[in-house]
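Just below is one structure, and these are the notes that go with it.
Any read-out appearing in this document is the output of simple, stated calculations on the displayed coordinates, not a laboratory observation. Since the structure is predicted, the reported quantities are computational estimates derived from the model, not experimental observations. Every residue, glycine as well, gets a Cβ built from its backbone with ideal geometry; the counts of neighbours run over all protein chains shown.
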Amino acid sequence: MRKILFAFFIFSFSCATSQKSSVAPLSFPERNPAGAGVEVPTPLPSSVNSLDECIRHLLFADKYISVSDYPDAEEEMEEAGKTCSKDNPDYLYMKAVLLDAEEKEREAYDYYWKAAQIYLKKKKMEQVFKCYSSMLSINPDGKEVKELKPYFEDYDY
């Protein structure tokens, strides 16, 4: 039995390595040349300059948040605040993400709620769900979470 399993293992390994892979190789984020294993944001597409200034700052803030560079993310959010409408749900959502990352959960919760309400009016349910799931992780018993819950309940279960 061992010989059969061993032969199967060798056969499957040799088959797997002899075929050309059509999957693109994984790409990893760049590392900070200064060391310390700190990741730096991956470059944005060259068309970023053609984007709306508000969206451009939000994208950069998102990149900085993704590598835990909160001071630079805060700077980008300040710049976004100068060009974004205060009722822009993308701005509110990104502000919530930054506050959440900085462990300012109560403030983040409020911004997620504001963004969720606007996304809901615009029927952008995927975005509402992102807000809802973040709010749920901060305060699962919040009245706002309970208001959003019916939109995401599956009555089949």
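Across the stretch 54-69, rounded Karplus estimates of 3J(HN,Hα) from the backbone phi angles (6.51 cos²θ - 1.76 cosθ + 1.60, θ = phi - 60°) give 4, 4, 4, 5, 5, 5, 5, 4, 4, 4, 5, 5, 5, 10, 6, 9 Hz, Gly and Pro being marked x. Here the Karplus relation 6.51 cos²θ - 1.76 cosθ + 1.60, evaluated at θ = phi - 60°, turns the backbone of the stretch 145-150 into coupling constants of 4, 5, 5, 7, 3, x Hz, with x for every Gly and Pro.
With a ≥ b ≥ c the root eigenvalues of the C-alpha gyration tensor of the stretch 59-157, is it rounded (a/c under 1.5), prolate (a/b larger than b/c) or oblate? Judged from the Cα gyration tensor, the stretch 59-157 comes out prolate (a/c at least 1.5, a/b above b/c). For the residue pairs Lys121/Lys149; Lys82/Lys130; Lys86/Lys124; Lys86/Lys146, the alpha carbons lie more than 22 Å apart in Lys82/Lys130; Lys86/Lys146. What is the local net charge at Lys104, summed over the other residues whose Cβ is closer than 11 Å to its Cβ (Lys, Arg +1; Asp, Glu -1)? Around Lys104, the charge tally is -4.
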